[in-house]
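The values are calculated or read from the model by the stated rules, or taken from the named source; none is laboratory data. None of these values were measured; they are calculated from a predicted model. Reconstructed Cβ throughout: ideal geometry from the backbone, glycine too, with neighbour counts over all protein chains shown.
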Amino acid sequence: MVGEIFPYLFVFERMVFVEKGKKDYSDYAVVMEQIVKKFPGVLANDHVDLFVKRGEIHALVGENGAGKTTLMSQLYGLINPNSGKIYINGVETKIKNPNDAITAKIGMVHQHFMLVDRLSVVENVVLGMEPSRGPFFAIDKARDQIKKLSKRFGLYVEPNAIIEDLPVGSQQRVEIIKVLYRGAEILVLDEPTAVLTPQETEELFKILRTLKSQGKTIIFITHKLHEIMAVTDSVTVMRLGKVTGIVKTSETNSRELARMMVGRDVLLRVEKDKAKVGTEIFKVEDLHVKENRGIEAVKGVNLSVRRGEIVGVAGVAGNGQTELVEAITGLRKVEEGHVIFKKTNITNISPKRRREMGMGHIPEDRLKHGLVTSFPLYYNFILGRHDSPQFCDGSFLKMPEIKRSSEELVKRFDVRPPSIDILGANLSGGNQQKVIIAREFSFNPDFMAVAQPTRGLDIGAIEFIHKTIISMRDKGVGILLVSMELEEIFSLSDRILVMYEGQIMGEVTPDATSTEEIGLMMAGHRLEDLRAQEA
Amino acid sequence: MKKYIVAFLGLVLVLGTMGAAISVFFVTDTGGLGDKSFNDSAWAGVEMAAKKYNVTANVIQSYEQADYIPNLTAAAQVSDVVVAVGFMMQDALAKVAPQFPNTKFIFIDGVVKSPNVENFLFTEQEGAFLVGYLAAGMTKTGKVGFVGGIPIPPVLRYQYGYESGVETYNVLNGTNVQVLSGYVGSFDDPASGKSMTNSQFSEGSDIVFAAAGLSGLGTIEAAKDAGKGHFAIGVDQDQDYLAPGYVLTSAMKRVNIAVFDGIKSVVEGTFKGGTITLSLKDNGVGMSPMTYTKQLVPKTLLHQIDVLKKAIIDGSLVVPNTKEKFQAFQVPQIQF
Amino acid sequence: MVSRLKKFYMNDKIIVPVIAVVVSLFIAAIVMLLIGKNPFIAYGALIYGAFGTEGALINNIMKATPLILTGLAVGFGFRAGLFNIGANGQLIIGALLATYVGAHMSTFPFYLSIPLTLAVGMVGGALWAAIAGWLKVARGAHEVITTIMLNYVAVFIANFVVNGPFQAPGGVPKSPEIAYSARFPDLLTTGATWLSAGIFVALAAVAVVYVIIEKTKTGYEVKAVGLNPYAAEYGGISISKNTILAMAISGALAGLAGTMQVMGVYYRYLGSLGGGMGFDGITIALIGQNDPIGIAFAAFLISSIRTGSNQMQIAGVSKNIVIIIQGIIIFLVAANRLVKSLMFWKKGAEEA
């Protein structure tokens, strides 16, 4: 109970708060006052206040489901509040739909880009408000304007490039240009860094600072604490639909923010003992794998994993990690090379046999591979082991045992809501991941391929999952961890491999390297070259 | 409560049919009303009788073959006369008729031996012979087609009559017109009828005779789609009006007359059961008057057909009606 | 147990079809009023014709028997993510083989010939469907296309067989009758209609399919493949094996439907024995929401409407009304979101 109240007390001491009596909001680009939004069965926003000063970068943070996106959807007119008021530049403004928002000079960059892949940058930017010359589309006018915007804000993109040829970071820039083109003074960015590499994130931050220096106001939705510390001026923290803190970034730190988000103390970096490394249990030799279009994606990878250690594979998404894991777990054909598990060549055996031999797999895409979302949890908990003697008696499923063991896993892994009858689709992302991890570890594997275990999860769930992975390591399981999150690789791995264009650029240990070194390897530099340069 | 409602409704139905002197129920086959052929023709006969006599006309349409027994039973329970059409109903009627000795049945195209059933058969081969002869005389490609529904005896009679008509033309005029034949497999599938006709057209025929009930409407549509120079030949009723100029003629079978005669015999008390065969002589079968196409046919061909008609009526020409008889068929020497 | 059943069925699965039926009857009543017919008399006749007499009930059950089975066939396919439009063809092949074997059973006692004939009919349907399953697995050919094409092949094979090599004397496209020992016993006879024991086979099939889907490893694997083939593969479940197996089980059920018609109704293969029952199976699976028990109810619903419609015709209302009713039911069930939004709208009104 104290833990529940604590953050509030803590926050109110230092709140940057406008006394409500005065109502002079003229310094504020956006004020949302006492916003209430109800959904059937849920109070998504419970008397939420948001104060964003003109010309600042304001972070809106909170765990998944805290109500951040709901709040911003009301600012952008996608949904309407049940009660509460919105002031733009000190004037009360009714925003009923996105057109009202655009009129009020509010722009939104969504997490999933709203771009037409086959059209060029110019065409996408002007879509819906094409400049014309008589009856004709004046594409050159549009192009000039976009060039001007790019230059002014440091948003470099080639106006004639086709969207699908651009990297994700550039696509995001197109989204931002699109919003600016429509005259936005207030920009809302919904988790903009979720899809970016560290370098691209740095680029984005540079852009945000430029925008700020040119007088734009930015609301930045995220749940990554280091980003808040790096780029924002002030922070509004939400939890369970309520505001739990309003602070200046300069007056707080990650630990404090985490506590406000989760409502208790959080370990930002998981504690672990030194690995007690055992014998080699798994290795791949000169592995070659093709991706779906038939192009080679893994080009001669060698790696090995011993009992009781975590080997991390870092890299920017799309450099062959997905194919590597799929080949290891039997979901993708190996073109050349060997996969060796427990001294047996398993290169061409079925996923089923691999599982029987003691291999586990936490897949990268939990909705595609990890769960049958229309199955209830008790069915999802046995996927892969449904025909083991524990759950299956010849041809009939042992329902009582399945339900008993599912109940136990739900309790042990704190899956919420704690019901084994709920469908996989009705769980939050974090709980879906818990189900998968609970299942895979309950099969008592000797080796586990873990891909992107915390993608899109909030810090509470990340902490839990990291602890689980470490505890499995300590029980002697060999773990291959593939992740795009450098933080995660650093905090979990005992050894780190960096993958670039289907090849391993080098192997390092976390205490004998730096983010910069790994970043360079992720960009295609070989470790031996880097070390040679240093020397 | 339900019991009472059910009893009440039963009563309503019975009372509703008691006022008129004679109540007639017509049970269609799966082709149903609107087939422009067999069922429509029978229904026309029932309505004709209803106009002339103190008779109430009712219809029950059958959705599938399994409905025949229940529909015949239901009809027999509430009526004096049941009209059943179609060879495919023969087995069902044979089971139902003996259960209702007080109800009279008029059955078209098949034979059920029961004292309360009057069966009507037709010499379909005679009408088909004439249209076959006409088709052979009119074809420009030297090939004519035949599309059947299901190869049951009445349809087979159409087929052998048609083929022997073509053969007769070949022998008497020294030509070699070929017949392409095929079966759709059902009487209620115009789409299949159309596709079979189209394939016969593409194999080089230009005139196709359909003896396929509702499925035959597909043949007429195909002829219309194929355009000038292509003809369908209708069946059972005068179907020439369905696509004027594209239906060369129709091989008629006056089911309406049979049904009317049957009802009349009940009204006049002359109903006696057994089997009656209607032929060209009785005007029970024949060719349509060719309202839209007569001017296309050469005078000599029309004359020859008239001569053949007379030969059939006077018995000097016997048209084969089975496979065996067709194989043994010798074209008689006829002087025009 | 009761509360569990209640919980299980008091959801969209049952509410949507029930609302669909009620709404469609209402709309059809309006149509009848517009054409000057009294809907109360018509529906009275419908109920009387479906349930009012012993004969009506027998007809109703006899009609429902194959519909339950084709509904199960299509529904089981749907559960495995397969759209089996070929139930008609599988039914025909099953019926044809069952007839052939049944006709040669005269020297066998009934306790051998009945199960043997049943088994042959099921295997026939299963193999016919497995062709489409195999084509999907080996060549990636979509089952909708292949099963439709196999329907035609089956029809033409059957037409050829009963017009030639296996034709009863008399120049009619029908096979000889099957042996007495291979016929289902009649349970009840009224007038010219009889109730065969086939309904018990159909109900047993409902129970068996329910158990397979809900209680067995096979059901689990088939459902997983149907709902998410990627996750199934990840879980070590063979997509190929289960696709072919699911098609075969679906086909076996359709084959059984045909076999029922042979062993309990016609005692022979008749020209158009299949009718549209394979396609009716799609309707029924849809209304029954692919749940075996729901399918049994849906089959009885359709058979009742059809049986009752004959009596309705006697009351002077065209059979087309029944086709309208059926069409609206299907429309509403397929557009179930529409029905659900109606329900939510009502709920919202209550809250406000």
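Evaluating residue B:33 against the criteria (1) facing chain C (nearest Cβ under 8 Å); (2) touching a Phe, Trp or Tyr at 6+ places or on another chain (Cβ under 9 Å); (3) farther than 21 Å from residue B:264 by Cα leaves one unmet condition, (1).
In this entry, residue A:362 passes the filter for residues that are over 24 Å from residue C:81 (Cβ atoms), more than 8 Å from every other protein chain (Cβ to nearest Cβ), crowded, with 16+ Cβ neighbours inside 10 Å and among the aliphatic types (A, V, I, L, M). Residues that are surrounded by fewer than 20 Cβ atoms within 10 Å (Cβ to Cβ) and part of a helix (DSSP H, G or I) occur at least once in region A:447-461. Taking region B:299-336 as the range and being surrounded by fewer than 14 Cβ atoms within 10 Å (Cβ to Cβ), within 14 Å of another protein chain (Cβ to nearest Cβ) and in contact with a Leu (Cβ under 9 Å, 6 or more places away or on another chain) as the test, only B:323 passes.
Being more than 9 Å from chain C (Cβ to nearest Cβ), buried (at least 21 other Cβ atoms within 10 Å of the Cβ) and in contact (Cβ under 8 Å) with a residue 24 or more places away in the chain is a property that does not hold for residue A:354.
Matching residues to (1) surrounded by fewer than 17 Cβ atoms within 10 Å (Cβ to Cβ); (2) touching a residue at least 40 places away in the same chain (Cβ under 8 Å):
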| site | (1), (2) |
| --- | --- |
| A:96 | yes, no |
| A:145 | no, no |
| A:161 | yes, yes |
| A:189 | no, yes |
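For residue A:349, the test of being more than 9 Å from every other protein chain (Cβ to nearest Cβ), modelled with pLDDT of 90 or more and under 17 Å from residue A:455 (Cβ atoms) is failed. Only one of B:245, B:262, B:284, B:234 is buried (at least 19 other Cβ atoms within 10 Å of the Cβ), under 26 Å from residue B:204 (Cβ atoms) and in contact (Cβ under 8 Å) with a residue 24 or more places away in the chain. Can you tell me which? When all the criteria are applied, what remains is B:234. In region B:62-88, what residues are part of a helix (DSSP H, G or I) and more than 8 Å from every other protein chain (Cβ to nearest Cβ)? If the condition is that a residue be part of a helix (DSSP H, G or I) and more than 8 Å from every other protein chain (Cβ to nearest Cβ), then B:68, B:76, B:77 are the ones that fit. In region A:209-224, of all residues being assigned to a strand (DSSP E or B) and among the aliphatic types (A, V, I, L, M), the one that is modelled with the lowest pLDDT corresponds to A:221. The conditions are (1) crowded, with 20+ Cβ neighbours inside 10 Å; (2) within 12 Å of another protein chain (Cβ to nearest Cβ); (3) small (Gly, Ala, Ser), and residue C:182 fails exactly one of them. Which is it? Failing condition for residue C:182: (2). Here residue C:295 passes the criteria (1) surrounded by 22 or more Cβ atoms within 10 Å (Cβ to Cβ); (2) within 12 Å of chain B (Cβ to nearest Cβ); (3) under 11 Å from the mean Cα position of the chain (by Cα) except the one numbered (2). Of everything in region A:396-434 that is hydrophobic (A, V, I, L, M, F, W, C) and within 12 Å of chain C (Cβ to nearest Cβ), the residue that is farthest from residue C:213 (Cα to Cα) is A:425.
Pairing residues of region A:407-429 that are in a helix (DSSP H, G or I) with residues that are among the aromatic types (Phe, Trp, Tyr), at Cβ distances under 6 Å and at least 6 apart in sequence or on separate chains, gives A:409/A:381; A:424/A:375.
Step by step: first the residues of region C:298-312, then only those that are more than 10 Å from every other protein chain (Cβ to nearest Cβ) and in contact with a Phe, Trp or Tyr (Cβ under 8 Å, 6 or more places away or on another chain), then the one that is surrounded by the most Cβ atoms within 10 Å (Cβ to Cβ). Which residue is that? Here the answer is C:308.
Residue count for region A:197-256 under the criterion of being hydroxyl-bearing (Ser, Thr, Tyr) and over 26 Å from residue A:70 (Cβ atoms): the result is 4.
When region A:380-395 is filtered for residues that are at the interface with chain C (Cβ under 7 Å from one of its Cβ atoms), without any contact (Cβ under 8 Å) to a residue 40 or more places away in the chain and either closer than 12 Å to residue C:223 by Cα or not polar (S, T, N, Q) (or both), the ones remaining, listed by number, are A:386, A:387, A:392. In summary, strands (runs of 3 or more DSSP E) completely within region B:240-323 and bearing 2 or more residues that are closer than 22 Å to residue B:228 by Cα and under 20 Å from the mean Cα position of the chain (by Cα) occur at B:247-253.
Condition check ((1) among the hydroxyl-bearing types (Ser, Thr, Tyr); (2) in contact (Cβ under 8 Å) with a residue 60 or more places away in the chain) across all residues:
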{"position": "C:140", "(1), (2)": "no, no"}
{"position": "C:178", "(1), (2)": "no, yes"}
{"position": "C:192", "(1), (2)": "no, no"}
{"position": "C:205", "(1), (2)": "no, yes"}
{"position": "C:210", "(1), (2)": "yes, yes"}
{"position": "C:220", "(1), (2)": "yes, no"}
{"position": "C:223", "(1), (2)": "no, yes"}
{"position": "C:232", "(1), (2)": "no, no"}
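Okay, residues lined up against (1) buried (at least 22 other Cβ atoms within 10 Å of the Cβ); (2) out of contact with any strand residue (DSSP E or B) (no Cβ under 8 Å at 6 or more places or on another chain):
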{"site": "C:176", "(1), (2)": "no, yes"}
{"site": "C:198", "(1), (2)": "yes, yes"}
{"site": "C:209", "(1), (2)": "yes, yes"}
{"site": "C:226", "(1), (2)": "yes, yes"}
{"site": "C:234", "(1), (2)": "yes, no"}
{"site": "C:258", "(1), (2)": "yes, yes"}
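What residue, of B:137, B:161, is crowded, with 24+ Cβ neighbours inside 10 Å and away from chain C (no Cβ under 12 Å)?
Only one candidate passes the filter, namely B:161.
None of A:309, A:336, A:326 is under 16 Å from residue A:499 (Cα atoms) and either among the acidic types (Asp, Glu) or crowded, with 23+ Cβ neighbours inside 10 Å (or both) except A:326. Pairing residues of region A:37-57 that are over 18 Å from residue A:237 (Cβ atoms) and in a loop (DSSP other than H, G, I, E, B) with residues that are of a type in the set (D, E, K, R) and modelled with pLDDT under 90, at Cβ distances under 7 Å and at least 6 apart in sequence or on separate chains, gives A:54/A:27.
Yes or no, residue by residue, for (1) modelled with pLDDT under 95; (2) over 20 Å from residue A:376 (Cβ atoms):
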site	(1), (2)
C:208	no, yes
C:219	yes, no
C:239	yes, yes
C:244	no, yes
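If you filter region A:126-150 down to residues that are of a type outside the set (Ser, Thr, Tyr) and part of a strand (DSSP E or B), you find that the one that is nearest to residue A:182 (Cα to Cα) is A:137.
Residues in region B:62-83: is at least one of a type in the set (Asp, Glu) and crowded, with 21+ Cβ neighbours inside 10 Å?
Checked against the condition, which is being of a type in the set (Asp, Glu) and crowded, with 21+ Cβ neighbours inside 10 Å, region B:62-83 yields at least one hit.
Each residue in region A:206-242 was checked for being buried (at least 21 other Cβ atoms within 10 Å of the Cβ) and more than 22 Å from the chain's Cα centre (by Cα), and 3 pass. Looking across region B:41-57, the residues that are buried (at least 22 other Cβ atoms within 10 Å of the Cβ) and under 21 Å from the mean Cα position of the chain (by Cα) come down to B:41, B:42, B:43, B:45, B:46, B:49.
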